[in-house]
Amino acid sequence: MASPVNPPRGMRDFLPADKARREFVLGVIRRVYASHGFDEIETPVVEDSARLNSGLGGDNEKLGYAVLKRGLTLDDFRSAESALDLADLGLRFDLTVPLARFYASHRAELPSVFRSIQLAPVWRAERPQKGRYRQFVQCDIDIIGEPSALAEVELLVATSATLDALGLVGCSIRINDRRLLTSMLEALGFPADEHASALITIDKLDKVGVQGVTDELSDRGFSDTAVGELAAFLSGYGARTIDEKRATVDAITSALPAGVDAVVIGELAALADAVVASGIDRDLLEFDPFLVRGMGYYTGAIFEVAHPDFGYALGGGGRYDGMIGRFLGTDVPATGFSLGFERIVDLVELPETETQDAVVLLHDDVDFATLAALKTALIARGARVRLARRPRNAKSLLEQLAASGFTQFASVTAETRTVDDLELKPIR
């Protein structure tokens, strides 16, 4: 008995109907992003290994796939201190690092404020499980060169419009600012050199709860006083009403401990006001004081798409002003937003459209010249046409074709000469 022939673990094949759904969703995303002034780019699937492992990708660097150098010898393997010493290239694990390299490569050819779209696959050596794959598509929009909050406003408005166009109702966008997080930790007694490490644990709040966060911080040796202050703050936080979640100065201030940076609070509230001015319902924007976003390269506002029916984010992003400067030697402001395509695609309802006739020509013992001429003539009339040899029982074949979107069929016999001789019937 032959063994099963499956794709590699964590990677998938897509049947025609699945591929059509994915392309439809990608088409909607691409169209809406483009309407908001973003331009699509494409970068190689591999980048230099040193660049991918330079600290720009955070924890994702640990999941990268390395490509071995050509011509390695046994001595090379023996002398290598790590596996990365044997690699000169790697598969991209996200689209942000390639974008930073792209901008550094082509800065002179790009506008001073560059708005990019990237819709492409990435690869991570994940442990495969439901909703987590080793190859998956990311849908990114980024604005490079705009230092003001206008960049965040444009990203949030474009993302909201995309979610609407996809028919995803009930979504909200949670917002915060990394500067507020560090200011909050400082107010609670955490020293500056411990902020990044503490945020890694606080980012687990949704998964392990208040007790889990405080226990882990204590186990990791953080100050008992600071951990106690955080625990007291978390325990008094409780459930908030819609009004208390709004990203207004008063609501943000009341959600944070005393002493947090009032200037940053005002900036975040002003950002939300600008988004609301575009026509977005204020209730769709929620301030979340414990939204962290795990990537350490974020330097300002951060955001995440949430849905009450799902325990995971449908997308997220933020400002990462320090990344591109690593390539250029000079700081360049940058902000980005990525939609979780693999999580979104199965939630989208495909429209029932029949804008194009889809015809199957069933044939048997008909010369190829006649079949080719009939097919070409129908295509010229705007139809989508497939030739299919008639089986003894056409019912199952027609059912398969209907699932692929074909709506009509016709039989071709030896007497058929032109399309006018065809009797088109609906596939039921």
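The values are calculated or read from the model by the stated rules, or taken from the named source; none is laboratory data. Computed from a prediction, not measured in an experiment: that's the story for all the values here. Neighbour counts run over all protein chains shown; Cβ positions are idealised from the backbone, glycine included. For the accessible areas, the whole protein counts, side chains as well, though only heavy atoms, and no ligand, DNA or RNA atoms are used. Shrake-Rupley method; radii C 1.70, N 1.55, O 1.52, S 1.80 Å.
Output the number of the condition that residue 155 fails; it satisfies all remaining conditions of (1) modelled with pLDDT of 95 or more; (2) farther than 15 Å from residue 36 by Cβ.
Condition not satisfied by residue 155: (2).
In the stretch 310-335, what count of residues is obtained for those that are under 15 Å from residue 162 (Cβ atoms) and buried (at least 24 other Cβ atoms within 10 Å of the Cβ)?
Looking only at that region, the number is 1.
Of these, 381, 428, which one is charged (D, E, K, R), free of Cβ contacts under 8 Å to residues at least 40 places away in the same chain, surrounded by fewer than 12 Cβ atoms within 10 Å (Cβ to Cβ) and under 30 Å from residue 166 (Cα atoms)?
Selected residue: 428, the only one of 381, 428 that is charged (D, E, K, R), free of Cβ contacts under 8 Å to residues at least 40 places away in the same chain, surrounded by fewer than 12 Cβ atoms within 10 Å (Cβ to Cβ) and under 30 Å from residue 166 (Cα atoms).
Restricting attention to the stretch 19-39, which residues are within 24 Å of residue 126 (Cα to Cα) and open to solvent by 70 Å² or more (accessible area, probe 1.4 Å)?
If the condition is that a residue be within 24 Å of residue 126 (Cα to Cα) and open to solvent by 70 Å² or more (accessible area, probe 1.4 Å), then 19 is the only one that fits.
Using the structure shown, decide if residue 214 is part of a helix (DSSP H, G or I) and within 19 Å of residue 304 (Cα to Cα).
Working: part of a helix (DSSP H, G or I): yes; within 19 Å of residue 304 (Cα to Cα): no.
Answer is no for this residue.
Taking the condition surrounded by 17 or more Cβ atoms within 10 Å (Cβ to Cβ) and farther than 16 Å from residue 341 by Cβ, does residue 112 pass? Walk me through it before giving the result.
Details: surrounded by 17 or more Cβ atoms within 10 Å (Cβ to Cβ): no; farther than 16 Å from residue 341 by Cβ: yes.
So residue 112 does not fit the description; no.
Consider residue 407 carefully, then state whether it is farther than 23 Å from residue 17 by Cβ and at pLDDT 85 or above.
Spelling it out, it is not the case that residue 407 is farther than 23 Å from residue 17 by Cβ and at pLDDT 85 or above.
With respect to the numbered conditions (1) open to solvent by 30 Å² or more (accessible area, probe 1.4 Å); (2) without any contact (Cβ under 8 Å) to a residue 60 or more places away in the chain, which one is the sole condition not fulfilled by residue 149?
Of (1) open to solvent by 30 Å² or more (accessible area, probe 1.4 Å); (2) without any contact (Cβ under 8 Å) to a residue 60 or more places away in the chain, only one is false for residue 149: (2).
Kindly indicate which of 246, 174 is basic (Lys, Arg) and within 30 Å of residue 351 (Cβ to Cβ).
Among 246, 174, only 174 is basic (Lys, Arg) and within 30 Å of residue 351 (Cβ to Cβ).
Considering every residue within the stretch 213-227, establish whether at least one is touching a residue at least 40 places away in the same chain (Cβ under 8 Å) and open to solvent by 70 Å² or more (accessible area, probe 1.4 Å).
no
Specify which of the listed residues (22, 12) is closer than 26 Å to residue 60 by Cα and part of a helix (DSSP H, G or I).
22
Could you look through the stretch 353-378, keep only residues that are assigned to a loop (DSSP other than H, G, I, E, B) and either hydroxyl-bearing (Ser, Thr, Tyr) or touching a strand residue (DSSP E or B) at 6+ places or on another chain (Cβ under 9 Å) (or both), and pick out the one that is least open to solvent (accessible area, probe 1.4 Å)?
366
Of these, 317, 336, 322, which one is in the same structural domain as residue 165 (by TED's automatic domain parsing), in a strand (DSSP E or B), farther than 18 Å from residue 171 by Cβ and not polar (S, T, N, Q)?
When all the criteria are applied, what remains is 336.
Determine which member of the set 271, 285, 328, 291 is modelled with pLDDT under 85 and of a type in the set (A, V, I, L, M).
After applying the criteria, what remains is 328.
Would you be able to tell me the number of residues in the stretch 387-403 that are surrounded by 15 or more Cβ atoms within 10 Å (Cβ to Cβ) and of a type outside the set (A, V, I, L, M, F, W, C)?
Number satisfying all stated conditions: 1.
Restricting attention to the stretch 58-98, which residues are touching a strand residue (DSSP E or B) at 6+ places or on another chain (Cβ under 8 Å), open to solvent by less than 60 Å² (accessible area, probe 1.4 Å) and part of a loop (DSSP other than H, G, I, E, B)?
Scanning the stretch 58-98 gives 64, 92, 93, 94, 95.
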